[in-house]
Amino acid sequence: MNIYIDFDDTLSNTVKFKQDLDFLTKKYNIKEDLNSLDAKENNKDYCYFKIIKKLTKLGVNVYQNYLYNDSIDFLKALKAKKYVINILTRGPKVLQTNKIKASGILEYVDNIIIVNLSKRKAYLPLDFQNSIFIDDNPMELKSLLRKKPYKVIRIERKGNPYNEVVIEGIESYQNLRDIAGDYENLNNFHKK
């Protein structure tokens, strides 16, 4: 069974990552207005990527491990049960690749799929009916639901900006540990 897990705000604390970037932007006096019209139209992730490039030129390493404390245990449990673990994330490829590498999850992951910000994950040629998707983004979740996947699970971690959006008819959990508990330590995870 394939499992597709989102990275940002599902496995990794992207809110904290962006707060740290905002701090470094001020500390190193980098001029990049994340609230500008340009940032809103072209997506803030690209603006953050521009900030990271500037910080890297200054010798600042911004890529650290921002994983939530339940992420590695969850991935280990999935791996032990022989699930095919796919990271399915959106964003600038270099940014997402570097964040994933810094997280230390590569040994638990079978595939990494990075979708350009202009696309939705549901437009990929995947076997949706035989796959489980775990994500926090309501737009992605709604798009995935239209493909009639085997299972879609929403993560609503504390502090996530998407938690305000309500989606009817979907399993929701506050963290990955709760998912594992609900599925008897993942023994029956893929049973309806």
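The values are calculated or read from the model by the stated rules, or taken from the named source; none is laboratory data. Just so we're clear, the structure is a prediction, and the values are computed from it rather than from any experiment. Every residue, glycine among them, receives a Cβ derived from its backbone with ideal geometry; neighbour counts consider all protein chains shown. The protein model used for the area step is the full one, side chains on, heavy atoms only, and it has no ligands, DNA or RNA in it. Shrake-Rupley method; radii C 1.70, N 1.55, O 1.52, S 1.80 Å.
Assorted remarks:
- Residue match in the range 155-176 (condition: touching a residue at least 12 places away in the same chain (Cβ under 8 Å), open to solvent by less than 80 Å² (accessible area, probe 1.4 Å) and in contact with a His (Cβ under 7 Å, 6 or more places away or on another chain)): no
Rundown of residues vs (1) under 15 Å from PHE49 (Cβ atoms); (2) among the aromatic types (Phe, Trp, Tyr), yes/no style:
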residue: TYR83; (1), (2): no, yes
residue: PRO92; (1), (2): yes, no
residue: LYS99; (1), (2): yes, no
residue: GLY104; (1), (2): no, no
residue: ILE113; (1), (2): no, no
residue: LEU117; (1), (2): yes, no
residue: LEU126; (1), (2): no, no
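- Selection from the range 122-153 of residues that are free of Cβ contacts under 8 Å to residues at least 40 places away in the same chain and outside any helix (DSSP H, G or I): LEU124, PRO125, ARG146, LYS147, LYS148, PRO149, VAL152, ILE153
- Scanning the range 123-142 for residues that are exposed (fewer than 14 other Cβ atoms within 10 Å of the Cβ) and either aromatic (Phe, Trp, Tyr) or in contact with a His (Cβ under 6 Å, 6 or more places away or on another chain) (or both) yields a single hit, TYR123.
- For LYS50: the one exception among (1) closer than 18 Å to ASP136 by Cα; (2) in contact with an Asp or Glu (Cβ under 7 Å, 6 or more places away or on another chain): (1)
- Screening THR10 on (1) modelled with pLDDT under 90; (2) hydroxyl-bearing (Ser, Thr, Tyr); (3) in a loop (DSSP other than H, G, I, E, B) shows it passes everything except condition (1).
- Per this entry, LEU88 is not counted among residues that are within 12 Å of ILE5 (Cα to Cα), in a helix (DSSP H, G or I) and either open to solvent by less than 20 Å² (accessible area, probe 1.4 Å) or touching a Phe, Trp or Tyr at 6+ places or on another chain (Cβ under 9 Å) (or both).
- The single residue among ASN61, ASN98, ASN69 that is polar (S, T, N, Q) and modelled with pLDDT under 90 turns out to be ASN61.
- Total residues in the range 55-85, condition open to solvent by 80 Å² or more (accessible area, probe 1.4 Å), in contact (Cβ under 8 Å) with a residue 12 or more places away in the chain and either of a type in the set (A, V, I, L, M) or not in a loop (DSSP other than H, G, I, E, B) (or both): 3
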